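Trainee: Dumping the structure here so I can ask a few things about it.
Read-outs throughout are calculated quantities, based only on the coordinates presented, and are distinct from any laboratory measurement. Please read these numbers as outputs of a predicted model, since none were measured by experiment. Here the Cβ positions follow ideal geometry from the backbone for every residue, glycine too, while neighbour counts run over all protein chains shown.
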Amino acid sequence: MSGWETVIGLEIHAQLATRSKIFSGSATAYGASPNAQANLVDLGYPGVLPVLNAEAVRMAVKLGLAISASIAPRSVFARKNYFYPDLPKGYQISQYELPIVANGSLEIVLEDGSTKRIGITRAHLEEDAGKSLHEGIAGMSGIDLNRAGTPLVEIVSEPDMRSAKEAVAYMKKVHTLVRYLEICDGNMQEGSFRCDANVSVRREGQHRFGTRAEIKNLNSFRFVERAINFEVSRQIDVLEGGGKVVQETRLYDPDKGETRSMRSKEEANDYRYFPDPDLLPLELDAAFVQSVRATLPELPDQKAARFISQYGLPAYDAGVLTASRELADYYEEVFRLAPADAKLAANWVMGELAAALNKENLDVGSGKLPAERLAGLLARISDRTISGKIAKEVFELMWSTGSSADSVIESKGLRQITDHGAIERAIDEVMARNPGQLADYRAGKDKLFGFFVGQVMKATGGKANPAQLNELLRKKLSG
Amino acid sequence: MSDLHRRTLTELAAGLRQRAFSSVELTGELLGRIEASQGALNAFITVTRDAALEAARAADRALAGGGGGPLAGVPIAHKDIFCTAGVRTTCGSRMLDNFVSPYDATVVRRLRNAGAVMLGKTNMDEFAMGSSNETSHFGAVRNPWNRQLVPGGSSGGSAAAVAARLVPGATATDTGGSIRQPAALCGITGIKPTYGRVSRYGMIAFASSLDQGGVLAATAADAALMLREMAGFDANDSTSVDTPVPDYVAALEGPLAGLRIGLLKEFFDKGLDPGSERCVREALKVYESLGARLSEVSLPHLPLSVPVYYVVAPAEASSNLARYDGVRFGHRCQNPRDLNDMYRRTRGEGFGAEVKRRIMTGTYVLSAGYYDAYYLKAQRVRALINEDFIRAFREVDVLMGPTTPTPAFAIGAKTADPITMYLNDIYTIGANLAGLPGISVPCGFVQELPVGLQIVGPHFSEARVLNAAHAFQRSTDWHTRVPEGYA
Amino acid sequence: MYDFALVFSLPQHARRLTFMALTREQVASIADLARLELAPAEVVALQESLSKILDFVGALDACDTANVAPMAHPLVALSQRLRPDVVTEEDRHEQYQVNAPLTTAALYLVPKVIE
């Protein structure tokens, strides 16, 4: 990679979470049976006409405001003309010269903790196409137009990213943002959040951009990273071998881990864009934009900054906890009910809770462990009823039985032992039973301290308060 | 009574309401005339006999009960460009030869709700592209005044049907003159309303920024009645204008005196047939005698309206017709080798020569490298033409002139050369580019062929334009003439 | 060459001086874009008629349109209306697919699409 610089721009298509389609009153719900949600307008029947969905407009404006972009007071819908079976009218209604949103940006956090501003050239509204299914029908493809007409917002970044990691960080930032704004469910498996990557390389110090290839339809963060890395290597190999990078569209093959050229794509698609005469220019006044602004939630960056200042959390924790609104809300509820230790709460939410949810493929909104129950557990750690270690056991039982922390602690007798006398007695017993190790320790084998800790813990069923145990043990062992 | 066909739509609506005759009787008579005329005129593509009689029976029941809408029991025809639920809708094309529409156009629904009885779907130039009704997949339509001649286009079927008194009124569409020009060539009245006045939902699109649905009938009063029922805001059409529809019928009788008429300098010159010019000038004298004031106006960019149109209309059409691909409805070629072959042969077979010519023209003027020079340029000149009209309407209330440069011409006479055909619309296209309402009324004959007078008004001045047309028809009888053999 | 002056009194300079002819290759590539299969005779005929049409519309060149905004629409003063986000449609695919040339299991069938 030495001597080469990578240049990446991402085009993200996010399906807007409206109830009906952008230009027709058909439902947008995922998973309907084929063509059950394709009406005459979606099917491009003779004589039908598009009418614009107000909520799609509001959602696009929300996005524009959240990325500090300009909202165009006047934007125009244009036809992008090409032939494909999943494109019923033979053109896609999109926006070309005058998009609804322009000149925004997002900040991403790099691995070293520094931040970088990624420019967003534009975001525009357009309709999604249908789907082609190829399995099971010999020599034919089956076309399902349920998805045709679903509203999309296409978000085009500046070519500001310089590594696959930066690209993934940006993509994740956009993904979080659209879910915060409740304009997109971000479900990549279902295709509601898709990414195309424009990748090129150039010699370090070279001012001009190299020829870029476009990798289409990357639907996971992992694939984006791998595809970009593969493509960068591929292009460098080509150039170092004296060849030229071809400007083309490529697909990522996740099984082989490589990108390949799309065979059937024409050399140059002349889309013959022109303003759609069936739609009038979209005009948005200040009052409309203001009314949308009033519905903006606290944005991820604002929330993370607040978590740092309000809860005293480090940036990393704030970032993880604010990755989704549900998780952030959950954390704040936990803290509200167990306000003794913000960092403790953060550790548990990011640690044990996240791991348990992941294992069962649940998300924090699933209700498996409501915030007040976790808060109950944390309160018992903070008031030293149980140690952190025991708390993990309690957590597991709470998780599997749905009981509260208190009922598990009581029923299993897991209260921490904080009574000096009891701990001392346990230590005395262990020392008495292990004279050899005692002698070795006193002779200088410091490592045996851990042995004694373990033995006392075992003797107390793990319930001795660790801090007190350590203090008392040290005193007694040294004689 | 066997002379019911001689009555105007207005008279028939009144007669039905008065129960002087029944809709079934009237419908039956007209269906008979249609069937008898098909060989000679070919005005219809589909005749819906059984459904028509059933609708007529229902209308008679409603009328008997004192109910029924303003057009209760009145037989009409729809240009085969309007989608009619459960009824074949071909748009004059092989591409839609077998297409049965699952829905009604808004215009169709409104006229049905007003009580009108549909007798069938009229013949037309394929996808509304033509000025002579010679490009239809279903054969040419003949002019009832002289069957060797064209009736005009693209609404040739509707015009011939009304002229031959097969129906008292018919819907039609006008993109560059396709209502007004056939009205002129067939000696009847035809109105194209303001762009956005009549819903385009269900009206198969040719050129979306130019298409408008309108009426062909014998008189301005008839046109006013039908238009009043057809017009109005439709939430399904984003280009439909939300302003109230005046009662065009009530507005017909208002006084004309003082009407300022502008005569378009650009239209009275060498291109205009002298006989037609004489008829138009006589008509203008009638207006003067009624108290109108004539003056000359110049719209210097108007001569460029035909070249503008033949960039803009094909461009929009090339995109509107991309949906005809053999996938979801309409014609599909046999045994396609692959997807590309399916598209190419389906469209190559489904479309006729004129449609292909316009799709090719439109594709070219939108293509990379040519968009600015052709499409954008044309839309800029369009803006200049529009400004010319705006300026003119500060000085005058309406513009008048001939509707066409010549009367009807022979079938086959102009098909060899597209431009010669395109120039038929030279006086009508300007109103489409600017979205203005225009009407053609019969104003005389040249060698026994009808001549039309065109009246164009500012946006949403249909009431005034119809009023002016009606005033003319009160003082003249050109609109009462019926071709020999059809009286 | 269209003698516009016969029809209108257009000044001499408004007429195009050069005849713009399309090559057969250009016609073929437009036909590709438009997905139209043309017989050889059609290609020749279109070469001629398209060239005439383009020459005809070339008259627009002579018009000075500097600083004139393109007019896409007669409704210049109006803007796009918005409709409420409500589902108004139900599943009618059986009715609609009556018109379809080829379907299976409610899918529209076409020759295989190669990706």
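Trainee: Taking the stated definitions as given, is A:D86 within 14 Å of chain B (Cβ to nearest Cβ), touching a residue at least 60 places away in the same chain (Cβ under 8 Å), more than 18 Å from A:L282 (Cβ to Cβ) and surrounded by 17 or more Cβ atoms within 10 Å (Cβ to Cβ)? Can you show your working first?
Mentor: Working: within 14 Å of chain B (Cβ to nearest Cβ): yes; touching a residue at least 60 places away in the same chain (Cβ under 8 Å): yes; more than 18 Å from A:L282 (Cβ to Cβ): yes; surrounded by 17 or more Cβ atoms within 10 Å (Cβ to Cβ): yes.
Spelling it out, A:D86 is indeed within 14 Å of chain B (Cβ to nearest Cβ), touching a residue at least 60 places away in the same chain (Cβ under 8 Å), more than 18 Å from A:L282 (Cβ to Cβ) and surrounded by 17 or more Cβ atoms within 10 Å (Cβ to Cβ).
Here is a yes/no grid of residues against (1) part of a strand (DSSP E or B); (2) under 27 Å from the mean Cα position of the chain (by Cα); (3) at negative phi; (4) of a type in the set (G, A, S):
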| site | (1), (2), (3), (4) |
| --- | --- |
| A:K80 | yes, no, yes, no |
| A:K89 | no, no, yes, no |
| A:L106 | yes, yes, yes, no |
| A:E111 | no, yes, yes, no |
| A:G142 | yes, no, yes, yes |
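Trainee: May I pose another question? Of everything in the range A:40-69, what is over 15 Å from A:P151 (Cβ atoms) and assigned to a loop (DSSP other than H, G, I, E, B)? Give them in sequence order.
Mentor: Within the range A:40-69, A:L40, A:L43, A:G44, A:Y45, A:P46, A:G47, A:V48, A:L49, A:I67, A:S68, A:A69 qualify.
Trainee: Just the residues that are surrounded by 12 or more Cβ atoms within 10 Å (Cβ to Cβ), over 24 Å from A:Q455 (Cβ atoms) and small (G, A, S), please, taken from the range A:403-429.
Mentor: Of everything in the range A:403-429, those that are surrounded by 12 or more Cβ atoms within 10 Å (Cβ to Cβ), over 24 Å from A:Q455 (Cβ atoms) and small (G, A, S) turn out to be A:S403, A:S404, A:A405, A:S407.
Trainee: Every residue in the range B:211-257 that is surrounded by 18 or more Cβ atoms within 10 Å (Cβ to Cβ), polar (S, T, N, Q) and either in contact (Cβ under 8 Å) with a residue 12 or more places away in the chain or more than 14 Å from chain A (Cβ to nearest Cβ) (or both), please.
Mentor: The answer is B:Q212, B:T219, B:N236, B:T239, B:S240.
Trainee: Further question: Of B:R88, B:R57, B:R112, which residue is free of Cβ contacts under 8 Å to residues at least 60 places away in the same chain, more than 14 Å from every other protein chain (Cβ to nearest Cβ) and within 30 Å of B:R323 (Cβ to Cβ)? Outline the logic, then answer.
Mentor: Working: B:R88 fails: more than 14 Å from every other protein chain (Cβ to nearest Cβ); B:R57 fails: within 30 Å of B:R323 (Cβ to Cβ).
Only one candidate qualifies: B:R112.
Trainee: So, in the range B:447-487, exactly how many residues are in contact with a helix residue (DSSP H, G or I) (Cβ under 6 Å, 6 or more places away or on another chain) and of a type in the set (D, E, K, R)?
Mentor: Matching residues across the range B:447-487 total 0.
Trainee: Among the residues of the range B:407-430, count how many are outside any loop (DSSP other than H, G, I, E, B) and either free of Cβ contacts under 8 Å to residues at least 60 places away in the same chain or in contact with a helix residue (DSSP H, G or I) (Cβ under 8 Å, 6 or more places away or on another chain) (or both).
Mentor: Within the range B:407-430, residues that are outside any loop (DSSP other than H, G, I, E, B) and either free of Cβ contacts under 8 Å to residues at least 60 places away in the same chain or in contact with a helix residue (DSSP H, G or I) (Cβ under 8 Å, 6 or more places away or on another chain) (or both) number 9.
Trainee: Additional query: Which helices (runs of 4 or more DSSP H) sit wholly inside the range B:289-380 and have at least 1 residues that are more than 25 Å from C:A39 (Cα to Cα) and more than 7 Å from every other protein chain (Cβ to nearest Cβ)?
Mentor: On the way: elements: B:305-320, B:339-350, B:353-366.
Output list reads B:305-320.
Trainee: Let me ask something else about it. What number of residues within the range B:143-163 are buried (at least 24 other Cβ atoms within 10 Å of the Cβ) and out of contact with any Ser or Thr (no Cβ under 6 Å at 6 or more places or on another chain)?
Mentor: Here the count works out to 10.
Trainee: Which of the residues spanning the range B:348-406 are in contact (Cβ under 8 Å) with a residue 12 or more places away in the chain and among the hydroxyl-bearing types (S, T, Y)?
Mentor: Correct list: B:T361, B:T363, B:Y374, B:Y375, B:T403, B:T404, B:T406.
Trainee: So, in the range B:441-487, exactly how many residues are assigned to a loop (DSSP other than H, G, I, E, B), closer than 22 Å to B:V396 by Cα and touching a strand residue (DSSP E or B) at 6+ places or on another chain (Cβ under 9 Å)?
Mentor: Here the count works out to 3.
Trainee: Would you check if B:G67 is of a type outside the set (A, V, I, L, M, F, W, C), on the phi > 0 side of the Ramachandran plot and free of Cβ contacts under 8 Å to residues at least 40 places away in the same chain?
Mentor: When the stated conditions are applied, B:G67 does not pass them.
Trainee: Please return the ranges of helices (runs of 4 or more DSSP H) entirely within the range B:7-98 where 3 or more residues are of a type in the set (S, T, N, Q).
Mentor: B:23-41
Trainee: Still on this structure, I have one more. Kindly indicate the residue of the range B:432-459 that is within 14 Å of another protein chain (Cβ to nearest Cβ) and touching a Lys or Arg at 6+ places or on another chain (Cβ under 7 Å) and also surrounded by the fewest Cβ atoms within 10 Å (Cβ to Cβ) among those meeting that condition.
Mentor: So the first thing to find is which residues in the range B:432-459 are within 14 Å of another protein chain (Cβ to nearest Cβ), and the list is B:432-438, B:456-459.
This time we only want the ones that are touching a Lys or Arg at 6+ places or on another chain (Cβ under 7 Å), so: B:433, B:437-438, B:457.
On the way: B:L433: 29, B:P437: 27, B:G438: 30, B:G457: 24.
Ranking the qualifying residues of the range B:432-459, first place goes to B:G457.
Trainee: Can we say C:V68 is out of contact with any Phe, Trp or Tyr (no Cβ under 9 Å at 6 or more places or on another chain) and within 10 Å of chain B (Cβ to nearest Cβ)?
Mentor: yes
Trainee: State all residues of the range A:15-28 that are more than 19 Å from A:L87 (Cα to Cα) and at the interface with chain C (Cβ under 9 Å from one of its Cβ atoms); if no residue qualifies, say none.
Mentor: Of everything in the range A:15-28, those that are more than 19 Å from A:L87 (Cα to Cα) and at the interface with chain C (Cβ under 9 Å from one of its Cβ atoms) turn out to be A:T18, A:R19.
Trainee: Specify which of the listed residues (A:L43, A:L52) is touching a residue at least 60 places away in the same chain (Cβ under 8 Å), within 14 Å of chain B (Cβ to nearest Cβ), within 28 Å of B:C91 (Cα to Cα) and surrounded by fewer than 24 Cβ atoms within 10 Å (Cβ to Cβ).
Mentor: After ruling out the rest, the residue left standing is A:L52.
Trainee: Within the range A:187-213, work out how many residues are touching an Asp or Glu at 6+ places or on another chain (Cβ under 6 Å), within 22 Å of A:K173 (Cβ to Cβ) and not in a loop (DSSP other than H, G, I, E, B).
Mentor: The qualifying residues number 3.
Trainee: Follow-up. Every residue in the range A:29-38 that is within 9 Å of chain C (Cβ to nearest Cβ) and surrounded by fewer than 24 Cβ atoms within 10 Å (Cβ to Cβ), please.
Mentor: A:A29, A:A32, A:S33, A:P34, A:A36
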